[in-house]
Amino acid sequence: MARALFGTDGVRGEANSFPMTAEIAMKLGAAVGRYFRRDKNEHRVVIGKDTRLSGYMLENALTAGFTSTGMNVFLLGPVPTPAVGYLTRSMRADVGVMISASHNHANDNGIKFFGPDGFKLSDEAETEIESIMNRGITLSRPENIGRAKRLDDALGRYVEYAKTTFPRQRRLDGLRIVLDCANGAAYRAAPTVLWELGAEVIPIGVSPNGRNINAECGSTSPHQAAQKVRETRADLGICLDGDADRLILLDETGKEADGDQIMGLIATRWAREGRLSGNALVATVMSNLGLERHLNGLDIGLERTNVGDRYVVERMRKNGHNLGGEQSGHIVMTDYGTTGDGLIAALQFMAAMVETGQKASDLTRVFTPVPQKLKNVRYTLGKDPLAEDCVQSAIAKGEKTLGTSGRLLIRKSGTEPLIRVMGEAEDQGLLDEVIGGISDTIAGVS
């Protein structure tokens, strides 16, 4: 059965429009509740959210759906996505829910589901949930309707857990850190963790109003944090996204380091310490060729997957790896969590700073990247630009032009109506020409 609701990372769209309506959210909650509630024992759901205004609407609708099928709901309030994965397991819940559209603007929202093991649901589970919605949902008898309550200490539980992932007997004393929380889900948790570990924290993006999440701040817009790093002479800048499952780092000069550099550092250190399971890193087809060359030079493997942190995690679990992620800043460390965690990844980086005494600029230059260019081309919903003959011809021409000196990756975004045109080549001018030509052709039919 073709899936109408679920994309590469849950259900996502513009708030109050299909599929992100209260009606669909309620039906979705009921279907997920029916999928997991298969006996008369107590069944639990934990629901977290970021700071979007539409989160209130979707939270209440999901709660109604879950309780209608006999699930007891625990409302976590604004917490990072990885906190939901952690609390799902620690509270022995049957399912966890995060209401967030991650790095998207405030008018969008999304719903992600986690199974009882704290990992995101499989494609098969999501397909069956849609099937339950289509077949019709059997509601519980009046005496079996579930309850809902606020969990007041949810944030504190995650804060204390995050602190345990930092090396024992180590502190962040003496480090001045600019922390950009994107006016999102980590606006309370992240500053608390860093301050309690001893850092001097200069927070920005910690004043959410329901509409300013990811607005000129966070991992997708780190310029404000970079300026603050330079102004305050900070040692490091940490930029999280709206649900805090990804990060971009800034060194003491304000220069950015993406997920590839962070993964390269952690993989190198863990391999040296004998901690890198399977002696390999799992990354996506988007990761830079320079990262692959660096790892191979150290006899460390790189396994590539399709784009999407869920596919990274699936490969990690299948092959027994404990480190993976995406160039965009999702860093998954299954020794510590079940999904990307920007805060805990940042703590691993800061542990390297503390233990080596090196500056951020030294630790964020793990490898020399091959010139890479990514251009996003927006298209009209309902159209399929990649199916057009002229687009296919442009792609074929680009591949021929680059030859064996580079590579192209053209794909649809799984979360937005965008065609992502990415290429790598040693010759930056040639790369710009190829990416520009393909992008212009796609734009012409979009």
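The values are calculated or read from the model by the stated rules, or taken from the named source; none is laboratory data. Predicted model only: the values in this text are computed from it and were never measured. Here the Cβ positions follow ideal geometry from the backbone for every residue, glycine too, while neighbour counts run over all protein chains shown. For accessibility, only protein heavy atoms count, side chains too; no ligands or nucleic acids. Shrake-Rupley method; radii C 1.70, N 1.55, O 1.52, S 1.80 Å.
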Using the structure shown, decide if Val73 is part of a strand (DSSP E or B) and surrounded by 17 or more Cβ atoms within 10 Å (Cβ to Cβ). yes
Listed by first then second residue, the pairs whose first member lies in the stretch 236-254 and is under 21 Å from Gly357 (Cα atoms), whose partner is buried (at least 24 other Cβ atoms within 10 Å of the Cβ) and basic (Lys, Arg), with beta carbons under 6 Å and at least 6 positions apart or on separate chains, are none
Only one of (1) assigned to a loop (DSSP other than H, G, I, E, B); (2) within 14 Å of Gly325 (Cα to Cα) does not apply to Ser219, and that is (2)
When Gln392 is run through (1) assigned to a helix (DSSP H, G or I); (2) over 28 Å from Arg3 (Cα atoms), the failure sits at (2)
Checked the stretch 10-66 for anything in contact (Cβ under 8 Å) with a residue 12 or more places away in the chain, of a type in the set (Phe, Trp, Tyr) and open to solvent by 40 Å² or more (accessible area, probe 1.4 Å); matches are Tyr35
Does at least one position in the stretch 227-235 carry a residue that is within 20 Å of the chain's Cα centre (by Cα), under 21 Å from Arg188 (Cβ atoms) and not in a helix (DSSP H, G or I)? no
Regarding the stretch 245-253, can at least one residue be identified that is open to solvent by 10 Å² or more (accessible area, probe 1.4 Å), closer than 23 Å to Asn214 by Cβ, in a loop (DSSP other than H, G, I, E, B) and at pLDDT 95 or above?
yes
>> Whether any residue in the stretch 379-389 is assigned to a strand (DSSP E or B), open to solvent by 20 Å² or more (accessible area, probe 1.4 Å), modelled with pLDDT under 95 and at negative phi is what I want to check.
In response: no
Subset of the stretch 139-170, residues hydroxyl-bearing (Ser, Thr, Tyr) and part of a helix (DSSP H, G or I), comes to Tyr158, Tyr161, Thr164
Scanning the stretch 399-410 residue by residue, the ones that are open to solvent by 50 Å² or more (accessible area, probe 1.4 Å) and either within 25 Å of Gly13 (Cβ to Cβ) or in contact with a strand residue (DSSP E or B) (Cβ under 8 Å, 6 or more places away or on another chain) (or both) total 3
Going through (1) modelled with pLDDT of 95 or more; (2) surrounded by fewer than 23 Cβ atoms within 10 Å (Cβ to Cβ); (3) not acidic (Asp, Glu) one by one, Gly308 fails only at (1)
Flagged in the stretch 330-363 as crowded, with 21+ Cβ neighbours inside 10 Å and in a loop (DSSP other than H, G, I, E, B), in numbering order, are His330, Gly337, Thr338, Thr339, Gly340, Asp341
